[in-house]
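Note sheet for the following structure.
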Amino acid sequence: QVQLGESGGGSAQAGGSLRLSCAVSGRTISMYAMGWFRQAPGKEREFVGTITRSGDRMNYAESVKGRFTISRDNAKNTVYLQMNSLTPEDTAIYYCAVGLAPFSRPEQYLFWGQGTQVTVSS
C-alpha cells in the first residue's frame, strides 16, 4: 500500500518561507515523477510543480515560478517543496502526488497524500 505524508505546513507572514516535505512509503519513488498541487477554499485543485524521476528537470506553475523550488531525495523516498516570498494567495492545502510522468493535471496522478495546510497572513 502506497502512503504519502506531507509535513511542514503551518502559518507564515507574507514574504516568509516554509519548506514542505512529502515522505512516501510502499513504493520506491525513484521510479516515479512527483507532483505538488494545492487547493484553496472554494477553488479547484491546481498544479504547483513537478519533478522528474531523477530530479533533473522541474516544471512550475507561473504563479510560483521563481519563488518555489521542488527537490527530491530518492534515498530517503522524500520530496520537498521550498516556498519563498510567500503571499496570502499561496494560502491553501498542499498535496503531493505520485505519477508516471511529470504531468500537470491532477487526474494524471496515481497516489495522493492527505495534504498539509499553509496559511499566509499579510
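The values are calculated or read from the model by the stated rules, or taken from the named source; none is laboratory data. On a predicted model such as this, the values are computed, not experimentally measured, just so you know. Note that we place each Cβ from the backbone using ideal geometry, even for glycine, and neighbour counts take in every protein chain shown. Protein only, heavy atoms only, side chains kept; ligands, DNA and RNA dropped before computing areas. Shrake-Rupley method; radii C 1.70, N 1.55, O 1.52, S 1.80 Å.
Couple of notes before you dig in:
- Complete set of residues in segment 2-11 that are assigned to a loop (DSSP other than H, G, I, E, B) and either farther than 17 Å from ILE70 by Cα or open to solvent by 60 Å² or more (accessible area, probe 1.4 Å) (or both): VAL2
- Filter pass, GLN3 being under 15 Å from GLY113 (Cα atoms), over 14 Å from the mean Cα position of the chain (by Cα) and in contact (Cβ under 8 Å) with a residue 12 or more places away in the chain: yes
- Residue check, ARG72 in contact (Cβ under 8 Å) with a residue 12 or more places away in the chain and farther than 16 Å from GLY5 by Cα: no
- Selection from segment 60-82 of residues that are over 10 Å from the mean Cα position of the chain (by Cα), within 12 Å of GLY49 (Cα to Cα) and part of a strand (DSSP E or B): TYR60
- When VAL48, VAL120 are screened for being touching a helix residue (DSSP H, G or I) at 6+ places or on another chain (Cβ under 7 Å), open to solvent by less than 60 Å² (accessible area, probe 1.4 Å), among the aliphatic types (A, V, I, L, M) and part of a strand (DSSP E or B), only VAL120 passes.
- Verdict on ALA40 being open to solvent by less than 70 Å² (accessible area, probe 1.4 Å) and of a type outside the set (Phe, Trp, Tyr): yes
- Hey, GLN114 assigned to a strand (DSSP E or B) and polar (S, T, N, Q) or not: no
- Verdict on ARG53 being touching a Leu at 6+ places or on another chain (Cβ under 9 Å), open to solvent by 80 Å² or more (accessible area, probe 1.4 Å) and basic (Lys, Arg): no
- When segment 17-35 is filtered for residues that are open to solvent by 30 Å² or more (accessible area, probe 1.4 Å), assigned to a loop (DSSP other than H, G, I, E, B) and in contact (Cβ under 8 Å) with a residue 60 or more places away in the chain, the ones remaining, listed by number, are SER17, ARG27.
- Failed item in (1) aliphatic (A, V, I, L, M); (2) under 12 Å from VAL98 (Cβ atoms); (3) surrounded by fewer than 16 Cβ atoms within 10 Å (Cβ to Cβ), with ALA14 passing the rest: (2)
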